[in-house]
Amino acid sequence: MGFVEASVIATRMPKAGSDHGFTLVELLVVISIIALLVAVLLPALSKARQAASTVQCLSNLRQIGYGVLGYANNHRGQLPPIDSLSSAFGAPRENWGAILIQEGLLAAAKQADGSFGKGSVFQCPDGIDRVSAVTSSDPATMTDGRGASYSALVGSTALGNEVRIWYGINGRRTDFLSGSLQFENSPWPFRRVPAAGGSGTDYQTKRITQIVKGYETVMIFDGVAFHDRQPQRFNARHKNQTVCNMVFFDAHAESIPISQLKNLTQAGMDDPNVLGQQCPYPKFRLDQ
């Protein structure tokens with residue numbers, strides 16, 4: 001090996017004990033690239049998470065829908081009540097979730113505090129883990145967080161504790177208007193039995209055959225308790241609070257844009273013609 005070749009090799013060989021680290025410029029470039037990737041990926045990850053929770057919620061609602069239809073099949077077409085306040089119905093002090101669990105139509109594991117519902121189809125993945133106070137503090141709007149909390153309308157006597165439900169049911173607590181029984185003409189699919197203000201002896205509920213437009217009529221929805229003609233109880237909790245998930249009486253579930261519900265009023269809920277103008281789809285009343 002000649003002198004020239006040896007000196008060239010020597011210049012290319014790193015010196016013993018020397019360290020080759022990043023320069024400040026190189027480090028700043030790497031940090032900038034990482035920051036750029038995070039900025040690009042975070043919105044995509046957020047959208048993916050929202051989409052996954054929306055799909056899971058729709059799956060929950062479909063299963064609940066099948067459970068309600070299974071109940072009707074077992075009871076000669078009779079729908080379950082919103083809740084039952086007397087043992088005369090055969091399910092003492094139970095809400096509709098407890099009734100479906102007891103009949104083996106839906107499952108929910110007992111939690112450490114003795115309650116049922118959490119971690120089951122009754123819990124919406126975008127729901128809030130706190131009890132609602134609709135009797136004293138209704139949600140103010142359809143995007144109010146209070147509408148994403150759970151309801152436990154009455155304690156479950158048979159199961160030993162309450163069943164918590166993060167969804168609302170299409171009905172009202174009473175069919176008594178001006179002191180007279182209005183159940184036969186009630187436009188809502190579900191009701192409390194006996195109706196609030198009633199005699200305590202009326203346990204009749206609607207039959208599935210009375211739901212003529214099942215593919216358009218809402219059964220269960222993202223919301224709290226039961227709507228009781230209060231539109232703000234429908235809750236937009238998915239896709240950045242832009243949609244409200246619902247299951248219909250034909251057991252299909254879909255995301256309804258909140259823009260289709262924003263014009264609803266209590267006066268409209270009371271009048272099928274006005275309701276049809278405020279919200280052509282979906283339908284809530286049986287006379288629409």
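The values are calculated or read from the model by the stated rules, or taken from the named source; none is laboratory data. As the structure is a computational prediction, the values presented were derived from the model and not from experiment. Positions of Cβ are backbone-derived with ideal geometry, glycine not excepted, and every protein chain shown enters the neighbour counts. Just the protein is used for accessible areas: all its heavy atoms, side chains included, with ligands, DNA and RNA removed. Shrake-Rupley method; radii C 1.70, N 1.55, O 1.52, S 1.80 Å.
So that you can scan it fast, the table gives a plain yes or no per residue for (1) open to solvent by less than 40 Å² (accessible area, probe 1.4 Å); (2) assigned to a strand (DSSP E or B); (3) at pLDDT 95 or above; (4) in contact with a Ser or Thr (Cβ under 6 Å, 6 or more places away or on another chain):
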site: ALA236; (1), (2), (3), (4): yes, no, yes, yes
site: ASN240; (1), (2), (3), (4): no, no, no, no
site: CYS244; (1), (2), (3), (4): yes, yes, yes, no
site: VAL247; (1), (2), (3), (4): yes, yes, yes, no
site: GLU254; (1), (2), (3), (4): no, yes, yes, no
site: LYS262; (1), (2), (3), (4): no, no, no, no
site: ALA267; (1), (2), (3), (4): no, no, no, no
site: GLY276; (1), (2), (3), (4): yes, no, no, no
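Looking only at residues in segment 53-75 that are more than 13 Å from the chain's Cα centre (by Cα) and without any contact (Cβ under 8 Å) to a residue 24 or more places away in the chain, the one that is surrounded by the most Cβ atoms within 10 Å (Cβ to Cβ) is HIS75.
Name the single residue, out of those in segment 101-125 being over 16 Å from LEU58 (Cα atoms) and within 13 Å of the chain's Cα centre (by Cα), that is least open to solvent (accessible area, probe 1.4 Å).
Going through segment 101-125, the residues over 16 Å from LEU58 (Cα atoms) turn out to be 101-105, 107-118.
If we keep only those that are within 13 Å of the chain's Cα centre (by Cα) as well, we get 117-118.
Numbers: GLY117: 0, LYS118: 84 Å².
Looking at the filtered set, the residue picked out is GLY117.
Consider segment 192-233 and keep the residues that are of a type in the set (A, V, I, L, M, F, W, C) and not in a loop (DSSP other than H, G, I, E, B). The one that is modelled with the lowest pLDDT is VAL193. In segment 202-230, the residues that are hydroxyl-bearing (Ser, Thr, Tyr) reach residues that are assigned to a strand (DSSP E or B) with C-beta atoms within less than 7 angstrom, at least six apart or across chains, in these pairs: TYR203/VAL193; THR205/GLN78; THR205/ARG191; THR205/VAL193; TYR215/PHE248; THR217/PHE248; THR217/LYS283. Counting the residues of segment 18-45 that are open to solvent by less than 80 Å² (accessible area, probe 1.4 Å) and at pLDDT below 70 gives 3.
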